[in-house]
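Read through the structure below, which is laid out as structure tokens, and then see the notes.
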Amino acid sequence: MMKFQRLLLLTVLLLQISACGFQLQPRVELPTEMQRTRLEVQSPYSEFARRLESHLEQNGIEVVTSLDDVAVLEVPLNRIRKEIQSIGGNARVREYLLRHTVRFRLLSSDGTELIPFQEFEQSRVYRFNAQGILAAERENEFLRDELSDSLARMVVRRLGTYGK
């Protein structure tokens with residue numbers, strides 16, 4: 001009897017997951033010109049650069065450092081800004097706005113522009129509490145990582161629309 005209940009529960013869970021529309025995100029079909037690509041990122045050791053390289057590799061792109069006969073993904077702008085969003089009655093900062101902007105273009109191996117300059121920007125607002133300074137800094141780091149990952153995914157999806 002217990003085995004039947006487990007099987008029934010598993011079946012119901014699987015039906016609910018499929019009914020809600022859940023599905024794994026498929027790989028992005030990137031241009032064939034990008035099979036071997038060199039990244040030229042303004043801050044090559046930034047979280048965004050690492051995430052972008054990782055997402056490209058997950059989609060079958062070989063990221064190389066050589067200069068010969070490879071496509072080039074240029075990212076001349078990779079900037080994160082922290083701005084004051086609101087100030088409380090005691091003249092102290094209550095909220096910050098974290099804004100991350102990237103600008104990129106794709107060049108073929110012969111230097112032809114395949115995708116002209118595109119700019120993406122995302123932002124998040126977070127509360128700042130002077131009493132919990134360590135927690136606020138940790139939230140800042142978490143949001144920076146989240147914005148970097150989100151923008152890297154957006155760039156890869158945009159590259160996947162080339163030629164469509």
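The values are calculated or read from the model by the stated rules, or taken from the named source; none is laboratory data. Because the structure is a prediction, the values reported are computed rather than measured. Ideal geometry is used to build each Cβ from the backbone, glycine not excepted, and the neighbour counts take in all protein chains shown.
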Quiz item: Filter the range 42-67 for residues that are in a loop (DSSP other than H, G, I, E, B) and without any contact (Cβ under 8 Å) to a residue 12 or more places away in the chain; which is surrounded by the fewest Cβ atoms within 10 Å (Cβ to Cβ)?
Solution: Tyr45
Quiz item: Hey, among Glu29, Glu33, which residue is charged (D, E, K, R), modelled with pLDDT under 85 and either surrounded by 10 or more Cβ atoms within 10 Å (Cβ to Cβ) or more than 17 Å from Ala71 (Cβ to Cβ) (or both)?
Solution: Glu29
Quiz item: Given the conditions (1) loosely packed, with under 14 Cβ neighbours inside 10 Å; (2) at pLDDT below 90; (3) not hydrophobic (A, V, I, L, M, F, W, C), and given that Glu113 satisfies all but one, which numbered condition is not satisfied?
Solution: (2)
Quiz item: Within the range 60-75, can one find any residue that is closer than 17 Å to Asp145 by Cβ and charged (D, E, K, R)?
Solution: no
Quiz item: Are there any pairs, at least 6 apart or on different chains, whose C-beta atoms fall under 6 Å, with the first in the range 124-149 and over 21 Å from Ser43 (Cα atoms) and the second buried (at least 17 other Cβ atoms within 10 Å of the Cβ) and among the acidic types (Asp, Glu), and if so, which?
Solution: Tyr126/Glu139
Quiz prompt | Tally, over the range 87-110, of residues that are farther than 30 Å from Glu141 by Cα and loosely packed, with under 14 Cβ neighbours inside 10 Å | solution = 1
